[in-house]
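Undergrad: One structure is given below, represented as structure tokens, and several questions about it will come after.
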Amino acid sequence: MQVHIRKARVIDPQSGFHNKVVDLLVEDGIIKNIATTIITKADTVIEAKGLCVSPGWVDVFADYREPGFEHKETIESGLSCAAAGGFTDVLLAPNTQPALSTKSIIQYVLQKAAGNVVNLHPLGAATQNTDGTNLAEMLDMHENGAIAFTDGWKPVQHTGLMLKALEYVKAFNGIIIQIPIDATLSAGGLMHEGIVSTGLGMAGIPALAETLAVHRDIELARYTGSRLHITGISAAGSVEMIRKAKADGVAVTCSVTPYHLALTDQSLSGYSSIYKVLPPLRTEADRLALVEGLKDGVIDCIASHHRPQDWDAKAKEFEYAADGMAVQESTFNILWDALREYIDIERIVDALATIPRDIFGLGTPEIKKGNKATISIFTTEGHHTLAVKDIKSSSQNNPFTGKKLAGKVVGVINNGQLYFNK
């Protein structure tokens with residue numbers, strides 16, 4: 001396989017070609033040449049206005065539902081979705097059936113993903129079967145490929161158990177990931193508690209249900225000296241608490257979803273369950289605080305929180321509809337469309353590629369002659385509309401489908417393979 005990428009801006013601060021417009025020639029997965037102009041007859045030529053290349057993007061939290069919920073998403077369809085979205089690496093949520101809570105299930109998903117253009121990194125469950133009662137065998141899973149530990153959509157509620165989990169992973173410098181939700185304060189809530197929920201007559205979830213969880217977990221991380229990653233923050237108060245904790249030297253990092261950066265609770269005015277997510281969409285003030293937190297680096301990286309749901313799970317009364325959006329293949333477009341007036345593309349790439357690789361120890365592949373190509377290819381020019389017929393996910397709970405969004409993912413090169421969005 002020979003791929004000629006023409007006139008692309010390199011966005012890779014560690015590369016000698018950073019911010020330069022060059023040609024790249026990739027042959028059998030290796031960057032054979034980088035130059036102002038390359039003359040060759042390659043199998044595939046990629047060119048587009050505003051073309052950019054960067055180290056491969058990482059999605060730090062996505063759910064492919066296999067094993068157990070293959071009617072919503074399989075590992076195969078999920079990885080196709082990731083490649084279409086420009087990701088070369090994905091951290092997989094453990095909320096399957098059975099949960100990713102033993103080494104055998106970790107090995108199963110790694111075998112299912114082997115040979116794909118996208119690298120899959122399973123997140124092991126912090127507790128047995130994500131039931132929040134007893135710790136899982138995290139060291140065993142770590143030694144068999146689990147990259148970090150979390151109970152995913154069912155974050156650990158028991159304070160003593162969370163303390164033990166943080167202490168446990170410290171022995172091997174592991175990371176605990178938490179979605180910031182206090183289950184008792186969010187119970188029965190359907191959307192953000194505020195003016196919009198009151199007007200709609202829907203039960204609300206207060207920002208306190210998030211900030212209380214963030215505060216508790218930061219203090220536990222401070223006490224244990226362990227590494228904590230909070231994913232899916234949605235409230236302005238969370239940003240400020242994490243900002244202060246970082247200044248204090250607490251080993252805490254965090255990520256935000258594309259939809260929390262782009263949407264607010266006003267989206268639920270039509271009672272559409274496609275906008276029902278957890279943590280919920282919050283106010284414009286919260287959204288702007290998230291944008292500012294991403295811009296100044298308090299928010300480290302991006303997590304799609306890709307959560308596919310079948311039609312039956314969403315097409316019912318709002319109260320009973322399942323949470324989540326399947327937006328992995330739209331992530332870059334959502335981000336660039338919402339943020340291009342506030343944040344430059346270098347910071348976006350930093351949050352998609354460099355920082356998540358640093359946090360989770362994946363290593364950042366330099367765009368350099370002779371190196372293995374692990375590259376995301378995209379353009380910041382023009383617009384792209386994801387049509388229903390082109391969706392790679394097995395599910396269609398994506399509110400951005402059919403909408404004209406800025407930029408386009410052109411493809412990825414990884415593991416000696418090319419995925420090309422023609």
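Undergrad: Using beta carbons and a limit of 8 Å, which pairs, at least six apart or on different chains, have the first residue in region 109-136 and farther than 21 Å from residue 58 by Cβ and the second one among the basic types (Lys, Arg) and in a helix (DSSP H, G or I)?
TA: Listed by first residue and then by second, the contacts come to 135/164.
Undergrad: From the list 298, 349, exactly one residue is open to solvent by less than 50 Å² (accessible area, probe 1.4 Å), part of a helix (DSSP H, G or I) and closer than 22 Å to residue 232 by Cβ. Which is it? So that I can check it myself, show each step before the final result.
TA: Values: 298 fails: part of a helix (DSSP H, G or I).
Only one candidate passes the filter, namely 349.
Undergrad: Give, as residue ranges, the strands (runs of 3 or more DSSP E) completely inside region 1-59 that count at least 3 residues that are open to solvent by 10 Å² or more (accessible area, probe 1.4 Å) and in contact (Cβ under 8 Å) with a residue 40 or more places away in the chain. Full working, then the answer.
TA: Working: elements: 2-10, 21-27, 30-35, 44-46, 51-55.
It comes to 2-10, 30-35.
Undergrad: Now, a different point. With assigned to a loop (DSSP other than H, G, I, E, B) and either touching a residue at least 60 places away in the same chain (Cβ under 8 Å) or not polar (S, T, N, Q) (or both) as the only criterion, which of 233, 218 stands out? Before the answer, list the steps.
TA: Numbers: 218 fails: assigned to a loop (DSSP other than H, G, I, E, B).
Selected residue: 233, the only one of 233, 218 that is assigned to a loop (DSSP other than H, G, I, E, B) and either touching a residue at least 60 places away in the same chain (Cβ under 8 Å) or not polar (S, T, N, Q) (or both).
Undergrad: Report yes if some residue within region 323-346 is over 15 Å from the mean Cα position of the chain (by Cα) and closer than 24 Å to residue 155 by Cβ; otherwise report no.
TA: yes
Let's see how each residue does on (1) touching a His at 6+ places or on another chain (Cβ under 9 Å); (2) surrounded by 20 or more Cβ atoms within 10 Å (Cβ to Cβ); (3) at pLDDT 95 or above; (4) not in a helix (DSSP H, G or I):
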residue	(1), (2), (3), (4)
68	no, no, yes, yes
83	no, yes, yes, no
90	yes, yes, yes, yes
122	no, yes, yes, yes
132	yes, no, yes, yes
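Undergrad: Just name the residue that is surrounded by the fewest Cβ atoms within 10 Å (Cβ to Cβ) out of those in region 221-230 that are of a type outside the set (S, T, N, Q) and in a helix (DSSP H, G or I). Walk me through it before giving the result.
TA: Start the filter on region 221-230 by keeping residues that are of a type outside the set (S, T, N, Q), which leaves 221-223, 225, 227-230.
Next cut, in a helix (DSSP H, G or I) only: 221-223.
Values: 221: 23, 222: 16, 223: 12.
Going through the qualifying residues, I end up with 223.
Undergrad: Tell me, please, whether a residue that is assigned to a loop (DSSP other than H, G, I, E, B) and under 26 Å from residue 10 (Cα atoms) can be found in region 395-414. Break it down into steps so the answer makes sense when it comes.
TA: Of all residues in region 395-414, those assigned to a loop (DSSP other than H, G, I, E, B) come to 395-403.
Within this subset, residues satisfying the condition of being under 26 Å from residue 10 (Cα atoms) are none.
Among the residues of region 395-414, not one is assigned to a loop (DSSP other than H, G, I, E, B) and under 26 Å from residue 10 (Cα atoms), which makes the answer no.
Undergrad: What is the residue count in region 310-332 for residues that are part of a loop (DSSP other than H, G, I, E, B) and open to solvent by 10 Å² or more (accessible area, probe 1.4 Å)?
TA: Our first condition is that a residue be part of a loop (DSSP other than H, G, I, E, B); within region 310-332, this holds for 310, 315-324, 326-327.
The next check asks that each one be open to solvent by 10 Å² or more (accessible area, probe 1.4 Å); those that pass are 310, 315-320, 322-323.
Matching residues across region 310-332 total 9.
Undergrad: Is there a residue being of a type in the set (A, V, I, L, M, F, W, C), under 30 Å from residue 142 (Cα atoms) and either within 24 Å of the chain's Cα centre (by Cα) or part of a helix (DSSP H, G or I) (or both) anywhere in region 199-212?
TA: So in region 199-212, the residues of a type in the set (A, V, I, L, M, F, W, C) come out as 200, 202-203, 205, 207-209, 212.
Filter again for under 30 Å from residue 142 (Cα atoms), leaving 212.
Subsequent filtering for residues that are either within 24 Å of the chain's Cα centre (by Cα) or part of a helix (DSSP H, G or I) (or both) retains 212.
For region 199-212, residues of a type in the set (A, V, I, L, M, F, W, C), under 30 Å from residue 142 (Cα atoms) and either within 24 Å of the chain's Cα centre (by Cα) or part of a helix (DSSP H, G or I) (or both): present.
The values are calculated or read from the model by the stated rules, or taken from the named source; none is laboratory data. All values reported here derive from a predicted model rather than from experimental measurement. Note that we place each Cβ from the backbone using ideal geometry, even for glycine, and neighbour counts take in every protein chain shown. Surface areas here come from the heavy atoms of the whole protein model, side chains and all, with no ligands, DNA or RNA. Shrake-Rupley method; radii C 1.70, N 1.55, O 1.52, S 1.80 Å.
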